[in-house]
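Peer 1: My structure is below; once you've seen it, I'll send some questions.
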Amino acid sequence: MDSPVVYFYGDVSSLRRGAAGFFDIIQKDYGAGRVGLKVHFGEGRNDTYVRPEWLMDVKSFFPEAAFVECNVLYRGHRTVRESHVAMARSHGFDFLPVDILDGESGELQAEVPVNVGRTMKAKLGGNLLNYKRLVAISHFKGHMATGFGGALKNIGMGLGSRAGKMDMHSIVSPIVRGDRCVACGTCVRDCPVGAVSLGTVASIDSGKCIGCAHCISVCPSSAIDINWNMSHEVNRVLMEKIAEYALAAIKGRRWWFINFITGVTYDCDCFDLKQEPFMGDLGILLSRDPVAVDQASLDLVKEKNKGIDPFFKKHGVDGTHILEYGEKIGLGAREYELKKVCG
Ligand code: SF4
Ligand code: SF4
């Protein structure tokens, strides 16, 4: 079988023109009609997310396009729909409708059978079922738990509902930060399975916890959080679950994947802070294959860093595991053909 094609546009002085060229390729494949653009709006003070001005021309190719996204697990602007949409608008994503696929705070959910690895049914944002043709627009950068984040993470973790995201993280229950807990009892009352008890501060019984993450969103003191203190093996399991969710997300729908290797930082765009990129912009990649586009992005970043994976060097997490596992479960191929597109 032929290797998947990855198009590379390397003129960083005109990324808008590059993106328009890619939308032209996609439009010839998709034709007219509704298209969902899976983006990440960036959290708070973050400013290295894919700039909306580079995407402006999408309207002339797909007048019925919408930005699609799901709410996040941790407390921030993007935890619930209202502030999530407001965040999107304030970051410049104001020229298309914004469709938060899992509703107000994760209650809209579709269980998609996938039956691979540890995932029988992936819990995805329910309104994803309304889209048959999508484009993943991903910022390629580092991540402390998965080494790097690109197309696979954007659609795997990104399209999980609140419960889906917690399912992917469910190898760890949330943790209570005792110094912040004011013992108000809200989490005890709201936990659907009675996994939280209250002494001087709240505590979570990980044996009972089903990983719904509701307590994270209801705590008024931001005292409950995901346990990010992960071991090597837990990181690998997390990557596998993200790949399994990505497989569910592409099942029965058509996708193209655009990776922006711009503003490359060591950490993800979910941090509410301004981060300094550690290398210059490289350009944009386009493929139908999410494994190939992430592999090609990583290869280009390594090439620019003297053959060293800078994300592994920083976080000690080998992100190639998600590529190996993604290929194993049929998400795509690590061997690809790179086609340079002129600026
Ligand atoms: S994640 Fe859900 S089940 Fe677990 S303690 Fe919090 S509210 Fe309860
Ligand atoms: S909701 Fe937050 S502050 Fe209230 S008891 Fe639970 S952890 Fe503590």
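Peer 1: Within region 239-261, can one find any residue that is in contact with a Lys or Arg (Cβ under 8 Å, 6 or more places away or on another chain), acidic (Asp, Glu) and either part of a loop (DSSP other than H, G, I, E, B) or surrounded by fewer than 17 Cβ atoms within 10 Å (Cβ to Cβ) (or both)?
Peer 2: no
Peer 1: Could you tell me whether region 203-215 includes any residue that is closer than 28 Å to ASP294 by Cβ and either at pLDDT 90 or above or within 14 Å of ligand 2 (Cβ to nearest atom) (or both)? If you could, list the steps in order and put the result at the bottom.
Peer 2: Step one: of region 203-215, the residues closer than 28 Å to ASP294 by Cβ are 211, 213.
Next, only the ones that are either at pLDDT 90 or above or within 14 Å of ligand 2 (Cβ to nearest atom) (or both) stay: 213.
Among the residues of region 203-215, at least one is closer than 28 Å to ASP294 by Cβ and either at pLDDT 90 or above or within 14 Å of ligand 2 (Cβ to nearest atom) (or both), which makes the answer yes.
Peer 1: May I pose another question? Please find, within region 57-84, the residue that is surrounded by the most Cβ atoms within 10 Å (Cβ to Cβ) out of those that are in a loop (DSSP other than H, G, I, E, B) and among the polar types (S, T, N, Q).
Peer 2: Filtering region 57-84 down to residues in a loop (DSSP other than H, G, I, E, B) leaves 57, 62-65, 70-80.
Still in the list and also among the polar types (S, T, N, Q): 71, 79.
On the way: ASN71: 27, THR79: 19.
Here the residue is ASN71.
Peer 1: Spot the failing condition for MET87; the list is (1) part of a strand (DSSP E or B); (2) more than 30 Å from ASP309 (Cβ to Cβ); (3) of a type in the set (A, V, I, L, M, F, W, C), and only one is missed.
Peer 2: Failing condition for MET87: (1).
Peer 1: If you don't mind, another one. Of all residues in region 214-238, how many are in a helix (DSSP H, G or I) and within 17 Å of the chain's Cα centre (by Cα)?
Peer 2: Initially, region 214-238 is screened for residues in a helix (DSSP H, G or I), giving 214-218, 232-238.
Keeping just the survivors that are within 17 Å of the chain's Cα centre (by Cα) gives 235-238.
Summing the residues that are in a helix (DSSP H, G or I) and within 17 Å of the chain's Cα centre (by Cα) in region 214-238 gives 4.
Peer 1: On to the next question. List the pairs whose first member sits in region 91-120 and is at positive phi and among the aliphatic types (A, V, I, L, M), whose second member is assigned to a strand (DSSP E or B) and surrounded by 15 or more Cβ atoms within 10 Å (Cβ to Cβ), and whose Cβ atoms are under 6 Å apart, counting only residues at least 6 apart or on separate chains?
Peer 2: none
Peer 1: Ok, one more. For ILE226, indicate whether it is buried (at least 18 other Cβ atoms within 10 Å of the Cβ) and either closer than 26 Å to SER297 by Cα or at pLDDT 95 or above (or both).
Peer 2: On the way: buried (at least 18 other Cβ atoms within 10 Å of the Cβ): yes; either closer than 26 Å to SER297 by Cα or at pLDDT 95 or above (or both): no.
Taking the combined requirement at face value, the residue does not satisfy it.
Peer 1: Within region 163-175, is there a residue that is more than 30 Å from LYS38 (Cβ to Cβ), touching a residue at least 24 places away in the same chain (Cβ under 8 Å), surrounded by 15 or more Cβ atoms within 10 Å (Cβ to Cβ) and within 13 Å of ligand 2 (Cβ to nearest atom)? Spell out the reasoning first.
Peer 2: Taking region 163-175 first, the residues more than 30 Å from LYS38 (Cβ to Cβ) are none.
No: zero hits.
Peer 1: Here is a list of conditions, (1) under 30 Å from LEU129 (Cα atoms); (2) of a type outside the set (Asp, Glu); (3) in contact (Cβ under 8 Å) with a residue 24 or more places away in the chain, and LYS328 meets all of them except one; can you say which number that is?
Peer 2: Just one mismatch for LYS328, condition (3).
Peer 1: Right, next: Since ASP294 meets every condition but one in (1) closer than 22 Å to ARG253 by Cβ; (2) surrounded by fewer than 24 Cβ atoms within 10 Å (Cβ to Cβ), which condition does it not meet?
Peer 2: (2)
Peer 1: With (1) within 29 Å of VAL218 (Cβ to Cβ); (2) outside any loop (DSSP other than H, G, I, E, B); (3) at pLDDT 95 or above as the list, and ARG16 as the residue in question, which single condition is left unmet?
Peer 2: The failed condition is (1).
Listed here are the residues, each with its yes/no results for (1) of a type outside the set (Asp, Glu); (2) under 21 Å from LEU300 (Cα atoms); (3) within 24 Å of the chain's Cα centre (by Cα).
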residue: VAL6; (1), (2), (3): yes, yes, yes
residue: VAL12; (1), (2), (3): yes, yes, yes
residue: LEU15; (1), (2), (3): yes, yes, yes
residue: PHE22; (1), (2), (3): yes, yes, yes
residue: ALA32; (1), (2), (3): yes, no, no
residue: VAL39; (1), (2), (3): yes, no, yes
residue: GLY42; (1), (2), (3): yes, no, yes
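Peer 1: OK, next. Name every residue in region 243-264 that is of a type outside the set (Asp, Glu) and either outside the structural domain of PHE148 (by TED's automatic domain parsing) or more than 20 Å from PHE140 (Cβ to Cβ) (or both), in order of residue number.
Peer 2: LEU247, ALA248, LYS251, GLY252, ARG253, ARG254
Peer 1: Something else: Considering every residue within region 256-266, establish whether at least one is near ligand 1 (Cβ under 9 Å from one of its atoms), at pLDDT 90 or above and farther than 25 Å from TYR325 by Cβ.
Peer 2: So in region 256-266, the residues near ligand 1 (Cβ under 9 Å from one of its atoms) come out as none.
Scanning region 256-266, I find no residue that is near ligand 1 (Cβ under 9 Å from one of its atoms), at pLDDT 90 or above and farther than 25 Å from TYR325 by Cβ, so the answer is no.
The values are calculated or read from the model by the stated rules, or taken from the named source; none is laboratory data. As the structure is a computational prediction, the values presented were derived from the model and not from experiment. Positions of Cβ are backbone-derived with ideal geometry, glycine not excepted, and every protein chain shown enters the neighbour counts.
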